[in-house]
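Below is one structure; the comments refer to it alone.
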Amino acid sequence: MKHRSLLQRLGSYLMGLVDEYWTMREPQSYGEKAPSCTVRCDDEHCERAD
C-alpha cells in the first residue's frame, strides 16, 4: 500500500514538473492572449469569477 501511495505522489510531482517546463518552453501555446485567471481575490478570501 505504501508503494502505491509513493508512486502516486511521485507521478503527480513529475507531471507538475513537466507542466511547468512546458509552460516555460512553449509560451506561444497561449496564442496572442496572455494567460488568464478566473479567480478573484481580496484581502479576506478568493472566489471564482466565471
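The values are calculated or read from the model by the stated rules, or taken from the named source; none is laboratory data. Keep in mind that what you see is a predicted model, and the values were worked out from it rather than measured. What goes into the accessible areas is simple: the full protein's heavy atoms, side chains included, and nothing from ligands, DNA or RNA. Shrake-Rupley method; radii C 1.70, N 1.55, O 1.52, S 1.80 Å.
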Revision key, fill the gap. By residue number, the members of region 40-50 that are at pLDDT below 75 and open to solvent by less than 100 Å² (accessible area, probe 1.4 Å) are ALA49
Point to revise | CYS37, sole failed condition from (1) open to solvent by less than 90 Å² (accessible area, probe 1.4 Å); (2) under 13 Å from the mean Cα position of the chain (by Cα); (3) at pLDDT 80 or above | key: (3)
